[in-house]
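A short reminder: the numbers here are calculations on the coordinates, not readings from a lab. Predicted model only: the values in this text are computed from it and were never measured. Note that each Cβ is placed from the backbone with ideal geometry, even for glycine, and that neighbours are counted across all protein chains shown.
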Amino acid sequence: MNIILLGPPGAGKGTQARRLVEERGMTQLSTGDMLREARSSGTEMGKRVAAVMDRGELVTDEIVIGLIAEKLEGGGGGFIFDGFPRTLAQADALGALLDNMGQRLDAVIEMRVDDEALVARITARSTCAGCGEVYNDISRPIPADGTCVKCGATEFTRRADDNADSLRQRLMEYYKKTSPLIGYYHAKGQLSVVDGLGEIDAVSAEIKAALDKA
Ligand code: AP5
Ligand code: MG
């Protein structure tokens with residue numbers, strides 16, 4: 001089963017994708033994580049995109065489509081696309097890539113959360129430096145002994161783009177360039193909407209119900 005998690009910054013795409021990986025053995029493909037990895041390993045591409053990401057703007061279609069195409073090569077399916085596609089050109093490219101592999105997109109889950117909640121979530125987020133587990137000062141705090149529940153690491157990072165200015169720009173980009181995908185997938189009969197405002201477990205249950213119907 002191949003699915004897209006679609007939603008604004010802070011909607012919970014990464015959090016839910018990690019759960020689906022654990023529960024269903026699917027493969028998470030997060031273009032945001034791939035780009036951050038390219039930055040931290042200092043590749044030429046990573047250097048080129050760093051400032052764009054920190055401003056909260058979208059990286060070019062060419063770069064992210066290239067990253068996804070590389071990951072799909074030889075892959076057997078069972079992908080969760082997290083943060084991709086983000087433009088209509090990316091959506092068309094994904095359709096073509098899956099077609100070439102003889103695969104299909106089974107469901108697109110739109111995670112709906114209002115802007116106020118997004119700001120609160122993003123400014124309270126931290127990530128385990130060891131395994132990428134996502135925490136939140138309010139809804140999912142790091143354990144009192146300061147170790148990650150998944151890998152036991154003791155170092156946690158905050159993202160450079162998790163500040164008020166970048167977040168405003170990220171939201172603008174979402175509404176201008178990514179939200180048209182809601183209509184695009186609705187028209188194809190592939191869209192399911194879940195209430196992303198609920199507790200993490202409740203959102204997982206809604207996603208499960210949507211996937212069971214797909
Ligand atoms: P990316 O890394 O994809 O960031 P994003 O879309 O802004 O989304 P986030 O990762 O911030 O949020 P999320 O939905 O994953 O939420 P999370 O689960 O962490 O992209 C970063 C940048 O890379 C872009 O701005 C762009 O520059 C570039 N880029 C990436 N992909 C691209 C593409 N395809 N094209 C062009 N450019 C691209 O949760 C957020 C917080 O809320 C956490 O603290 C979490 O613990 C908490 N939380 C989660 N669920 C709940 C809940 N139900 N209740 C309460 N708290 C919750
Ligand atoms: Mg994410």
By my count, helices (runs of 4 or more DSSP H) wholly in region 1-85 with at least 2 residues that are within 12 Å of ligand 2 (Cβ to nearest atom) and hydrophobic (A, V, I, L, M, F, W, C) are 31-40
Cβ-Cβ below 7 Å, separation at least six or inter-chain, first residue in region 19-39 and within 11 Å of ligand 1 (Cβ to nearest atom), second of a type in the set (V, I, T) and part of a strand (DSSP E or B): which pairs? Q28/I80; L29/I80
Does E110 count as surrounded by 20 or more Cβ atoms within 10 Å (Cβ to Cβ) and within 21 Å of Q28 (Cα to Cα)? yes
Testing G146 on (1) surrounded by fewer than 16 Cβ atoms within 10 Å (Cβ to Cβ); (2) within 21 Å of Q16 (Cβ to Cβ), one condition comes back false. Which one is that? (2)
Region 186-204, subset among the β-branched types (V, I, T) and touching an Asp or Glu at 6+ places or on another chain (Cβ under 8 Å), residue surrounded by the most Cβ atoms within 10 Å (Cβ to Cβ): V194
A careful count of residues in region 41-82 that are closer than 20 Å to M172 by Cβ and among the charged types (D, E, K, R) gives 4
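Suppose we filter I3, I80 for residues that are more than 13 Å from ligand 1 (Cβ to nearest atom), closer than 27 Å to S192 by Cβ and buried (at least 22 other Cβ atoms within 10 Å of the Cβ); which single one remains?
I3
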